[in-house]
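The values are calculated or read from the model by the stated rules, or taken from the named source; none is laboratory data. Everything quoted here is computed from the prediction, not taken from an experiment. Positions of Cβ are generated from backbone atoms using ideal geometry, with glycine treated the same way; all protein chains shown enter the neighbour counts. Remember, those area values only see protein heavy atoms, side chains included, never the ligands or the DNA or RNA. Shrake-Rupley method; radii C 1.70, N 1.55, O 1.52, S 1.80 Å.
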Amino acid sequence: MAGQSRKWMILIATIWIQAFTGTNFDFSSYSSTMKSVLKISQVQLNYLATASDLGKVFGWSSGLALMYLPLSIVMFIAAAMGLLGYGLQFLLVNHFITLPYFLVFLLCLLSGCSICWFNTVCFVLCIKNFPVNRPLALSLTVSFNGVSAALYTLAANSINPLSDQLYLLLNALVPLLTSFAALLPILRQPPLSDTHSPHAARQNSVIFLTLNILAVFTGIYLLIFASSASDEAMSRVYFGGALVLLILPLCIPGVIYARDWFRHAVHSRVESSSFILVHVNDLELHKELLTRQNSARSVSNGDGQHLLGENGYGIQGGKSSHVNCDKFFGQDQLEMLGEEHSAAVLVKRLDFWLYYVAYFCGGTIGLVYSNNIGQIAQSLGHSSRTSTLVTLYSSFSFFGRLLSATPDYIRNKFYCARTGWLTIALLPTPIAFILLASSDSTMALDIGTALIGLSSGFIFAAAVAVTSELFGPDSLSVNHNILITNIPIGSLLYGFMAATVYEANAISAPGNKNMIMSDSLVCMGRQCYFLTFIWWACISVIGLLSSLLLFLRTKHAYDCFERHRISAQPTLS
């Protein structure tokens, strides 16, 4: 029982780490100040945003460090990198030190790398302590990374609402303090025998559902109060309330200790619950069933062809009447979910590149939009609403991440391939950019920001499960790092596109709409981002189409997996 309690303490500590280490999401809150103090162009500012995302390219270094160092040491190394990266930027912006632009670029890269190290620590904690409920633990904890900007907005407003530089100081110190708070649960991790018990998925599902409901309340609270204009005193009250909501899950370990008193009541509710969570063991069973089925069919056909399951999908032959469409959807098609792919095999898969383009033209473009919120608000004359827009994006990104767990809860009543959910999640992005291009009103800006946050948040959280299912759970750490290389590439390309359009309009726009502020060119007016929104809308449509093709190519594999899972349920029970 003590082991079960400590397991949930680990989950809560992971939530704290994720909630306070998404420091890249508040870049827009101080980007205008950074641009003014450093006297740099919009293109140079974009390179600094790219540097933070470029840290993801070096995310593999955290996995290498974990091979030789304890988890707690890796966590504090991540905190030290953030302290150095953001701390020196804070001193620079406040004119305590002077640094060349190239060193500032490296500091941004170091700060971005610290975020990847924190994420790796959280992934390892969830995988190790929740082997049965791994997808749900990852989905819940990753969701809180999206709410970081809202928490930092409340914290900054409670100290000094007029200081944008304060965000850099908080980014440097708060993750370090959070690491100290999470240290004790990490050092007291339960043995593996206590985390992997019979019927663990059913016993834990009510607790996970409770934590998700509490997370929704936390997101609504931050959406309402972090985005509202208030004085320092009220901001402190609101920030205190947010901390209480983050501490509230600590009651879960106490509930675990008391479970003996009402075990029968809880057990009966769990057994009759209508949702089922899928874990890695299901994938292994699916592989075994398909292997037996394929072996039997190969013997019976005797022609040496590789056949896969029902519906004839995966068959290399076929009638000539099934022309190019069938050839496209059947060529190099995934045979089963959970099949391990090495990096060399992965990059040869058409499905991977469809997935890569969908992410590149969907979630990544939403992240670049969040990096430009400060300049977008300034160009439209809404500089005072920058923190509100950052909070809006952060909160809806949080809700999107939480929604990524929906397929696991409702699969008994409504089943759809996870790649299908990914396609649905990409729909709001082109709609949002079309709305932003068509109107410069405050309402359009708010709705567009919320839709982009919701869409990108879902994609960021769902991508971990999709990568695991399509290309193998054991290869996740390598394959997912290959996938997210699209983030720094997209950050560079999309950000450069936005910056060049911005500066071109700042120079060529007629009238007195543009001005020089501290030697930095500032563009004012709707034209500053109009063409960028049009281009981003077109690119996001490409991502949507790529995701739709991925869904159509993988639908059979998901359907086959679901049939095998349902047929195996009596055996598993």
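Please report, ordered by residue number, the helices (runs of 4 or more DSSP H) entirely within the range 1-78 with at least 1 residues that are within 22 Å of SER456 (Cβ to Cβ) and of a type in the set (Phe, Trp, Tyr). It would help to see each step written out before you state the result.
Details: elements: 2-21, 27-38, 42-54, 60-66.
The qualifying helices (runs of 4 or more DSSP H) are 2-21, 27-38, 42-54.
Residue check: is THR50 touching a Gly at 6+ places or on another chain (Cβ under 7 Å) and closer than 25 Å to THR391 by Cα?
yes
Out of all the residues in the range 408-417, which are surrounded by 20 or more Cβ atoms within 10 Å (Cβ to Cβ) and within 24 Å of ASN145 (Cα to Cα)?
ASP408
Please work out if ILE566 is under 22 Å from the mean Cα position of the chain (by Cα) and either surrounded by fewer than 16 Cβ atoms within 10 Å (Cβ to Cβ) or modelled with pLDDT of 80 or more (or both).
It is false that ILE566 is under 22 Å from the mean Cα position of the chain (by Cα) and either surrounded by fewer than 16 Cβ atoms within 10 Å (Cβ to Cβ) or modelled with pLDDT of 80 or more (or both).
So which residues in the range 113-138 are open to solvent by 10 Å² or more (accessible area, probe 1.4 Å) and among the polar types (S, T, N, Q)?
Once the filter is applied, which keeps residues that are open to solvent by 10 Å² or more (accessible area, probe 1.4 Å) and among the polar types (S, T, N, Q), the range 113-138 yields ASN119, THR120.
Are there any pairs, at least 6 apart or on different chains, whose C-beta atoms fall under 7 Å, with the first in the range 407-423 and closer than 12 Å to TYR558 by Cα and touching a residue at least 60 places away in the same chain (Cβ under 8 Å) and the second charged (D, E, K, R) and open to solvent by less than 20 Å² (accessible area, probe 1.4 Å), and if so, which?
TYR415/GLU562
Anything in the range 59-103 that is in contact with a helix residue (DSSP H, G or I) (Cβ under 8 Å, 6 or more places away or on another chain), polar (S, T, N, Q) and over 21 Å from LEU177 (Cα atoms)? List them, or say none.
SER61, THR98
Do we have GLN89 as over 20 Å from the mean Cα position of the chain (by Cα), at pLDDT below 85, assigned to a helix (DSSP H, G or I) and among the polar types (S, T, N, Q) here?
no
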